[in-house]
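No lab work stands behind these numbers, since they all come straight from the coordinates. Bear in mind the structure is a predicted one, so any value in this text is a computation, not a measurement. Here the Cβ positions follow ideal geometry from the backbone for every residue, glycine too, while neighbour counts run over all protein chains shown.
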Amino acid sequence: MMKKLLWAVTVLVAMVFFSASVFAATEAEINAGSIQQAKDTAGTKPTVAMVMERVDAGVALLNKEGRAAFPKFKGLGSEFIYAGTYIWIHSPTTGNMLMHPMKPALEGKNVNPLRDKAGKLLFIEMNRVATESGSGWVDYQWPKPGQKKSSTKVSYVKMAEHNGEKFVVGSGVYDISLEDINKALGK
């Protein structure tokens, strides 16, 4: 009886370790897929309408499914990784990054203290815009991938809500100016 119990516990422990290693490999594959998706789509120049449409689609998905939708924002083939950029999701109440397809190490971290080179608290500003207006554009200084020098980046952010939990959904680009945005929006 003791041998059978010991054998059963050993099998159970082995299954847990095997499942964890399979999950870790899958997570690594998803992260690599996100990076590949961004590279594969980088040849497409983002437009104001494109960024807004993708964020709007992300908001609709989150409003319907909540956190259960997070995996759909990551990996090879995700419609939310497009034109060399991506959508991220953070909490306007806690300031925590909830989903980031390119930098999953940010998930669970408070991003509210992040400042751009000029000192702007960019996530605080994104939270303000999404909370007060529902959606809008935020400009800030941020280095392009692989560069040290800051460039102007603009992000479109929009509030989503599922079962009382609020989310800020955002997507940022370097190749669109505030003038481009105002012109596209008829301002």
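Which of the strands (runs of 3 or more DSSP E) contained wholly in segment 91-187 include at least 1 residues that are of a type in the set (K, R) and under 16 Å from the mean Cα position of the chain (by Cα)? Here the list reads 150-162, 165-173.
Being surrounded by fewer than 14 Cβ atoms within 10 Å (Cβ to Cβ), closer than 29 Å to Q37 by Cα and out of contact with any strand residue (DSSP E or B) (no Cβ under 6 Å at 6 or more places or on another chain) is a property that does not hold for K117.
For segment 159-170, the tally of residues that are crowded, with 22+ Cβ neighbours inside 10 Å and closer than 13 Å to G136 by Cβ stands at 3. Considering the conditions (1) closer than 18 Å to S171 by Cβ; (2) surrounded by 14 or more Cβ atoms within 10 Å (Cβ to Cβ), G95 is excluded by exactly one of them, (1). Can you tell me which residues in segment 120-151 are surrounded by 15 or more Cβ atoms within 10 Å (Cβ to Cβ) and not aliphatic (A, V, I, L, M)? Hits for segment 120-151 are K120, F123, E125, N127, R128, S135, G136, W137, D139, Y140, Q141, W142.
Residues that are assigned to a helix (DSSP H, G or I) and acidic (D, E) within segment 64-90 comprise just one, E65.
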